There are 2 protein chains.
Amino acid sequence: MASFLRTSIRPFRQVLDRRFLLPCCSVRWKSTVAQAKDSYSEINDELKREFQEIVGEKNVSSALVVREQHGKDESHHTCQPADLVVWPENKEQVSQIAKLCNDQCIPLIPFGSGTGLEGGVVAKKGGVSVDVTKMNEILDFNPDDFDVTVQAGVSRLQLNNYVKDSGLWFPVDPGADASLGGMASTSASGTNAVRYGTMRENVMNLEVVLADGRIINTAGEGRRTRKTSAGYNLTNLFVGSEGTLGIITKVTLKLYGIPESTASGVSSFPDVKSAVDAVVEILQCGLPMARIEFLDEVQIDACNKFSGLNYPVTPTLFLEFQGSENSVKEQAAVAADVIEGNGGSKFQWATELEERNKLWKARHNAWYADMALRPGCKGVSTDVCVPISRLPEIIVETKADIAASNITGKCLTPIVGHVGDGNFHCFIPIKPGDEGELQTVRDFTMRLSRRALAMGGTCTGEHGIGNGKQAMLPEEIGPTGLSVMKDIKSLLDPNWIMNPGKVFL
Amino acid sequence: MASFLRTSIRPFRQVLDRRFLLPCCSVRWKSTVAQAKDSYSEINDELKREFQEIVGEKNVSSALVVREQHGKDESHHTCQPADLVVWPENKEQVSQIAKLCNDQCIPLIPFGSGTGLEGGVVAKKGGVSVDVTKMNEILDFNPDDFDVTVQAGVSRLQLNNYVKDSGLWFPVDPGADASLGGMASTSASGTNAVRYGTMRENVMNLEVVLADGRIINTAGEGRRTRKTSAGYNLTNLFVGSEGTLGIITKVTLKLYGIPESTASGVSSFPDVKSAVDAVVEILQCGLPMARIEFLDEVQIDACNKFSGLNYPVTPTLFLEFQGSENSVKEQAAVAADVIEGNGGSKFQWATELEERNKLWKARHNAWYADMALRPGCKGVSTDVCVPISRLPEIIVETKADIAASNITGKCLTPIVGHVGDGNFHCFIPIKPGDEGELQTVRDFTMRLSRRALAMGGTCTGEHGIGNGKQAMLPEEIGPTGLSVMKDIKSLLDPNWIMNPGKVFL
């Protein structure tokens, strides 16, 4: 009630609804030209007390160090701390927080593991960071149905640790031990997507708190069917919405049987084109590949140094096969043939779990290996994705661009890619605070994104638009599609309090 | 311009926007309690001429027989003809049609192959049926990228015929030779979904004409990436929206390699429970099944009679395995073990294409076989989907319900199911015009849907809400989710001209 009483003395909520300016005849499309506000309310002591009333004193912090931890992710995006960090313990508290923020026009930024790469958690407009990590219970595990429902703060490894004794796993693997709510928010994917799909294909239902505090279950409460044609697909409207349409509080996910047999192999190639050509050909054979990862010579060198390996310093493929023991052997034989035909080296095999883990840990640590190339630097990761037939061309052109533009002064720009999906990253360590270097990298990223768009691709395969790619979204989607997205945003979040300044400029 | 000039003399567009009644302070949620209007404009001669101007005289018909063909699908839903049928030949014409309908408040019902099973094309409020079958070009086939872009009127078999020489196929197979625009609209699936997913997982991009004539490409024009995190997933907002948010004019689809080897098998079981238990166990083994179809004894009997087969008249599974020759053998051996352990008969094998086609044709003809059980009847198909562990229970309960309620007077209620997804259908032939029989079937369907909802299921796995399940949608999704869906509908189609009376009551 306190917030209601304050209505008359707080001036910030006079948001003009443009629709009132239109004549009231035929109901036509009335695009709102919507965007985040220039300014929102600051959180004063009175408001802080209200948040404390909702989640308890222990679950609120305004300490600078805590706010700073929540104002950045693993990328180069400049830390912008929220005014307050809160840790709700249940959906009802999240709902009350949203209502308070909506009534008082306070930005609300959902926070999971902070492992994003596009500045999605940066508090550009101040406000409250809502950390869901205390909502970390596995609520409903149904091994017979291959599904599980978890609170948004449960992490990927926590889940896999929980379900492994039932012979099941959740394969979406962005590398970092991200929260599943965060992974749903950014439509994460990673190395296994070529076989198992991304979060889009693996989220069956979401519980979401909307900006006004209402709670919805996108497929209906408790529903967990493999398919449905009942009404609009709200689940996939919220997957990938990056906290701008609501806060995800619960996620229902598909699980898969741990394959009977797994084998991984590494092959070195004389040049980028032959490696990527091999990938395209392997996919065309219809092999049910579990992973196909490309690492260029710069990346392999960094991995060798960081993880104590000794792979030849040339463009390289890491592959993984899954299935029955015979099927794995058969797949590997076909892949080996293709690789040989494209000039790749004989496979180096890793069939034991320990060896395989070493190999994939090196791959997962690529990001940290690259950051170690320039100690003290922060990473920029590009994220384009193109139709696979265009991969050789775009990677070759991009490496030429890297060489010509001499970004980061030393050509320290490794390329690593989930090439089975047509998705690859340039990992670029840059000096914090060096605006000139940042601008060079931004220009390079824009050129790369436009190169991908010209090939039917996207500027972001899995990291999201976040705080860095808003300028590309209109070019990628077009003005009408963008206008529809913004109108949906305004419909669900009329005060634009949900993670303002992200996705849209 | 003609339609603009008429504005002042046509009274029907005075739609009160409830938002104008609210105080203009904080922008709060303003649910519109939206629904289809009670009455829309009728199409007079002047309007007919306007449609003729858009698509040409040859592409407009008001002949009763044509309108009746477009006012019904393959189900029992009573034919309700539109006032006019038009055949646009390109997206620009569709856009002009939409603009005219929106300006004049004329219902617009998209029409593809008319093979739906939930009355989605019935013109409940009159209006214009927009038949997309003249938009049937395959526009952009990229065999190297495993994707194709087609106009909405291209049919499933037309597409597969086109791509097969490249060793590719599009696996989503609802049985009928449906248009791909229609399949996207209803989020169709069918027998292959257990392996390849539904339209939700296989549509990469859509071109959609919105109610006001604007044209969007849901993932951006020309984009065809395997994954993207760029902005909201508009593609899956339109997939399954049943023509209520816009008309799909172009579809970009994933394709797959035709498997090296395929084998199909049939096994008979002593009872329903043992057959369905075998399915659950086969899935738990992690076999990458291509198809697992269940047919109860009533269905097998009908198929035997209709397709000249002689399978034992007991609950039966049709299975299909795909992969390399060895992998198929291996999968089949594992499945055979499980089947034997659950009391199933030794597999009857069909490895040659001709034999397999005979088997699957019999399965696909199940619907027609059932209709032949009562000549002159129309079919009702239920469509619930539940978590697979609940399948034995719900099928056994439903068979008991069929027996107890003695629907259609003769227990002619076969059950057939895509049991690998937890989805099954009761096919019920009913006498047209027999209201008593229809009511008995409606009551049965409601009981079945609620039984599924109580088990975490959905009232429709693949047919859509259409004209028959609107009453179940609120129970399935809940009031808040439903309100969000309706608000999205009102946002994109403020005059509710797009396929009014479907999905929502």
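The values are calculated or read from the model by the stated rules, or taken from the named source; none is laboratory data. In this text, all values refer to a predicted model and were calculated from it rather than measured experimentally. Cβ placement follows ideal geometry from the backbone for every residue including glycine, while neighbour counts extend to all protein chains displayed.
Scanning region B:83-114 for residues being more than 14 Å from chain A (Cβ to nearest Cβ), under 16 Å from residue B:497 (Cβ atoms), of a type in the set (Asp, Glu) and in a helix (DSSP H, G or I) gives a total of 0.
Taking residue A:488, is it under 23 Å from residue A:193 (Cα atoms), aliphatic (A, V, I, L, M) and out of contact with any Leu (no Cβ under 6 Å at 6 or more places or on another chain)? No. Taking region B:439-484 as the range and being surrounded by fewer than 24 Cβ atoms within 10 Å (Cβ to Cβ), under 30 Å from residue B:128 (Cβ atoms) and not hydroxyl-bearing (Ser, Thr, Tyr) as the test, the residues that pass are B:442, B:467, B:470, B:471, B:472, B:473, B:474, B:482. For region B:118-213, the strands (runs of 3 or more DSSP E) that sit wholly inside it and include 3 or more residues that are more than 13 Å from chain A (Cβ to nearest Cβ) and surrounded by 24 or more Cβ atoms within 10 Å (Cβ to Cβ) are B:128-131.
The set of residues in region A:326-366 that are modelled with pLDDT of 90 or more and of a type in the set (Asp, Glu) comprises A:330, A:337, A:340.
Considering the conditions (1) facing another protein chain (nearest Cβ under 10 Å); (2) in contact (Cβ under 8 Å) with a residue 40 or more places away in the chain; (3) more than 27 Å from residue A:364 (Cβ to Cβ), residue A:393 is excluded by exactly one of them, (1).
Scanning region A:160-171 for residues that are touching a residue at least 60 places away in the same chain (Cβ under 8 Å) and closer than 25 Å to residue A:110 by Cα gives A:170, A:171. The C-beta contact set for region A:478-492 (first residue in contact (Cβ under 8 Å) with a residue 40 or more places away in the chain, second residue among the hydroxyl-bearing types (Ser, Thr, Tyr), distance under 7 angstrom, 6+ apart or interchain) comprises A:483/A:31; A:487/A:31; A:487/A:32; A:488/B:232; A:489/A:244; A:490/A:32. Among the residues of region B:447-498, write down those that are in contact with an Asp or Glu (Cβ under 8 Å, 6 or more places away or on another chain) and acidic (Asp, Glu). The answer is B:462, and nothing else.
In region B:466-491, the residue that is farthest from residue B:445 (Cα to Cα) out of those that are more than 7 Å from chain A (Cβ to nearest Cβ) and hydrophobic (A, V, I, L, M, F, W, C) is B:482.
All conditions but one from (1) surrounded by 21 or more Cβ atoms within 10 Å (Cβ to Cβ); (2) closer than 30 Å to residue A:394 by Cβ; (3) more than 8 Å from chain A (Cβ to nearest Cβ) apply to residue B:219; the one that does not is (3).
If you filter region A:396-432 down to residues that are of a type in the set (Val, Ile, Thr) and surrounded by fewer than 24 Cβ atoms within 10 Å (Cβ to Cβ), you find that the one that is modelled with the lowest pLDDT is A:408.
So that you can scan it fast, the table gives a plain yes or no per residue for (1) under 16 Å from residue A:179 (Cβ atoms); (2) within 17 Å of the chain's Cα centre (by Cα); (3) at pLDDT 95 or above:
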{"position": "A:104", "(1), (2), (3)": "no, no, yes"}
{"position": "A:107", "(1), (2), (3)": "no, no, yes"}
{"position": "A:111", "(1), (2), (3)": "yes, yes, yes"}
{"position": "A:114", "(1), (2), (3)": "yes, yes, yes"}
{"position": "A:121", "(1), (2), (3)": "yes, yes, yes"}
{"position": "A:135", "(1), (2), (3)": "yes, no, yes"}
{"position": "A:138", "(1), (2), (3)": "yes, no, yes"}
{"position": "A:142", "(1), (2), (3)": "no, no, yes"}
{"position": "A:151", "(1), (2), (3)": "yes, no, yes"}
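Applying the condition of being among the charged types (D, E, K, R), out of contact with any Pro (no Cβ under 9 Å at 6 or more places or on another chain) and not in a helix (DSSP H, G or I) to region B:45-82 and asking which residue is surrounded by the fewest Cβ atoms within 10 Å (Cβ to Cβ) yields B:74. Residues that are out of contact with any Phe, Trp or Tyr (no Cβ under 8 Å at 6 or more places or on another chain) and within 14 Å of chain B (Cβ to nearest Cβ) were ranked within region A:262-283; the one that is modelled with the lowest pLDDT is A:280. Of all residues in region B:225-251, those that are over 23 Å from residue B:146 (Cα atoms) and more than 7 Å from chain A (Cβ to nearest Cβ) have Cβ atoms under 9 Å from Cβ atoms of residues that are outside any loop (DSSP other than H, G, I, E, B) and of a type in the set (Phe, Trp, Tyr), 6 or more apart or on another chain, in B:243/B:111; B:245/B:238; B:246/B:238.
Close contacts from region A:313-342, counting a first residue that is over 16 Å from residue A:290 (Cβ atoms) and a second that is charged (D, E, K, R) and assigned to a strand (DSSP E or B), with Cβ to Cβ under 9 Å and a gap of 6+ residues or different chains, come to A:316/A:293. Within region B:254-276, can one find any residue that is out of contact with any Leu (no Cβ under 9 Å at 6 or more places or on another chain), within 28 Å of residue A:169 (Cβ to Cβ) and buried (at least 24 other Cβ atoms within 10 Å of the Cβ)? No - not one qualifying residue is present in region B:254-276.
Has region B:450-457 got any residue that is more than 21 Å from the chain's Cα centre (by Cα) and more than 12 Å from every other protein chain (Cβ to nearest Cβ)? Checked region B:450-457: at least one residue is more than 21 Å from the chain's Cα centre (by Cα) and more than 12 Å from every other protein chain (Cβ to nearest Cβ).
Conditions (1) more than 35 Å from the chain's Cα centre (by Cα); (2) modelled with pLDDT of 80 or more; (3) not aromatic (Phe, Trp, Tyr), marked per residue:
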site	(1), (2), (3)
B:2	yes, no, yes
B:5	yes, no, yes
B:12	no, no, no
B:23	yes, no, yes
B:32	no, no, yes
B:44	no, yes, yes
B:51	no, yes, no
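With respect to (1) at pLDDT 95 or above; (2) away from chain A (no Cβ under 11 Å), the lone exception for residue B:440 is condition (1). Can you tell me which residues in region B:66-114 are aromatic (Phe, Trp, Tyr) and in contact with a His (Cβ under 6 Å, 6 or more places away or on another chain)? Residue satisfying the conditions is B:111 alone.
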